[in-house]
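So the structure is just underneath, and the comments pick up after that.
The values are calculated or read from the model by the stated rules, or taken from the named source; none is laboratory data. Everything quoted here is computed from the prediction, not taken from an experiment. Methodologically, a virtual Cβ is constructed for each residue, glycine included, from the backbone with ideal geometry; neighbour enumeration extends over all protein chains shown. All accessible areas refer to the heavy atoms of the entire protein, side chains included, with ligands and DNA or RNA removed. Shrake-Rupley method; radii C 1.70, N 1.55, O 1.52, S 1.80 Å.
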Amino acid sequence: ISAMFISLSRRSVPLIDRLGQMIDALELAEDDPDRLSDLFSIDHLVTRMRRNSENLLVLAGEEPVRKWSEPVPLTDVVRAATSEIEQYSRVLLDMQPEIVISGHVAADVVHLLAEIIENATMFSPGDTPVRVSGHEVSAGGVLLEVRDNGIGISSSRLSRMNWRLENPPLIDVSVSQHMGLFAVSRLAARRGVRVRLQAATPKGLSALVWLPGKLTGRESARDVQERSRRLAERSS
């Protein structure tokens, strides 16, 4: 079954990439604001299609295709995850500055967060924000929280979901019904990340994601200045 998942994903991803490239070309050539907005929406749908296809690789135990050689700022990682969901405009970020994520795991963290943030937007009212915060903790590592204002879930279901997050399943028929949850549990187990769901106050659901210290670090003042310089050069 894993070999079948890998084959299906490797057939789909190149086609999705080609489709994304065509949409990028159309966006560059488009001046009409309404048509450009439609193209942006299609672009986000294509990004979601890619992530669904990459979920097959995750479930099959394959390493991510996308990797970075250098540490990536946490804010950029979370923004990348947010850009992969349809209702990205609802997401509000509150990130502690100067935190970085190891480049070799950044793609998995982006993927994991995108699944969690997308669920938060799907199961909460469309006119409410989804808040994503992140900060270092005294025990080590970084704690991220994704909080929505939905109706929440029952305590029994919450317990089952948390058990599943801590015990990545074998591939069976239930994967098709809860692919995102299974992908998150596999990604977390692969990188030593802990994910736990809990009821939010006064309502909604909160997803806590702990990244261990071995995956995180702090930017030096020199790194911050260098990154600012590169951004300024791109802008000019």
Q: Name the one entry in ASP34, ASP43, ASP24, ASP38 that is under 23 Å from ASN119 (Cα atoms), in a helix (DSSP H, G or I) and open to solvent by 60 Å² or more (accessible area, probe 1.4 Å).
A: ASP38
Q | Residue list for the stretch 28-80, restricted to those being at pLDDT 80 or above, out of contact with any strand residue (DSSP E or B) (no Cβ under 8 Å at 6 or more places or on another chain) and among the β-branched types (Val, Ile, Thr) | A | ILE42, VAL46, THR47
Q) Taking GLU70 and the conditions (1) open to solvent by 80 Å² or more (accessible area, probe 1.4 Å); (2) at positive phi; (3) not aliphatic (A, V, I, L, M), which numbered condition does it fall short on, given that it satisfies the others? A) (2)
Q) PRO14 versus (1) open to solvent by less than 80 Å² (accessible area, probe 1.4 Å); (2) under 20 Å from ALA183 (Cα atoms); (3) not in a loop (DSSP other than H, G, I, E, B): which is the lone unmet condition? A) (2)
Q | Which listed residue, of SER83, SER124, is open to solvent by 30 Å² or more (accessible area, probe 1.4 Å), modelled with pLDDT under 95 and small (Gly, Ala, Ser) | A | SER83
Q | Complete set of residues in the stretch 160-183 that are modelled with pLDDT of 90 or more and either under 16 Å from the mean Cα position of the chain (by Cα) or acidic (Asp, Glu) (or both) | A | none
Q) What about GLU84, is it farther than 30 Å from ARG218 by Cβ and assigned to a loop (DSSP other than H, G, I, E, B)? A) no
Q: Give just the number: which of (1) at pLDDT 85 or above; (2) in a helix (DSSP H, G or I) does LEU92 not satisfy?
A: (2)
(Q) List pairs: first residue in the stretch 95-110 and within 13 Å of GLY217 (Cα to Cα), second residue among the polar types (S, T, N, Q) and at pLDDT below 90 anywhere in the structure, Cβ distance under 6 angstrom, at least six positions apart or on different chains. (A) GLY103/SER69
